[in-house]
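The values are calculated or read from the model by the stated rules, or taken from the named source; none is laboratory data. What you see is a predicted model, and the numbers here were worked out from it, not measured in a lab. All Cβ positions, glycine included, derive from the backbone under ideal geometry; neighbour counts span all protein chains shown. Ligands, DNA and RNA are stripped out before the accessible areas are found, and what is left, the full protein with its side chains, is counted by its heavy atoms. Shrake-Rupley method; radii C 1.70, N 1.55, O 1.52, S 1.80 Å.
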Amino acid sequence: MDARRDVRDLRGRREDLGITKRQMASGLAVSLGALIAMEKGMAADDRQRFYADWLTKLEGLPRPQRAIMLARAAAGGRF
């Protein structure tokens, strides 16, 4: 990834990775509503840290490994 967004911009970081909201919610095993609340900063701090930590992990993966994890999430599985 060339340009790194502000680490607090969870939605932007997810979008930069090319991950849909549904994939991310599935991968994290949270509801779509909970994911949106985290992205809007309306969730508890520990939930937002949980999301940010997962984004950091995904950002650090080589593209082939990230693609495998995203395919798993697209099929309804966890990361």
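Of note:
- Residues of region 9-43 that turn out to be open to solvent by 20 Å² or more (accessible area, probe 1.4 Å), assigned to a helix (DSSP H, G or I) and of a type outside the set (Val, Ile, Thr), as a count: 12
- Positions within region 23-55 being under 12 Å from the mean Cα position of the chain (by Cα) and under 12 Å from residue 8 (Cβ atoms), in sequence order: 38, 39, 48, 49, 51, 52, 55
- Restricted to region 56-79, and to residues there that are farther than 15 Å from residue 18 by Cα and among the small types (Gly, Ala, Ser), the residue that is most open to solvent (accessible area, probe 1.4 Å) is 75.
- Qualifying residue in region 56-72 (condition: outside any loop (DSSP other than H, G, I, E, B), of a type in the set (A, V, I, L, M, F, W, C) and closer than 13 Å to residue 13 by Cα): yes
- Sole residue being assigned to a loop (DSSP other than H, G, I, E, B), open to solvent by 50 Å² or more (accessible area, probe 1.4 Å) and without any contact (Cβ under 8 Å) to a residue 24 or more places away in the chain, chosen from 46, 6, 53: 6
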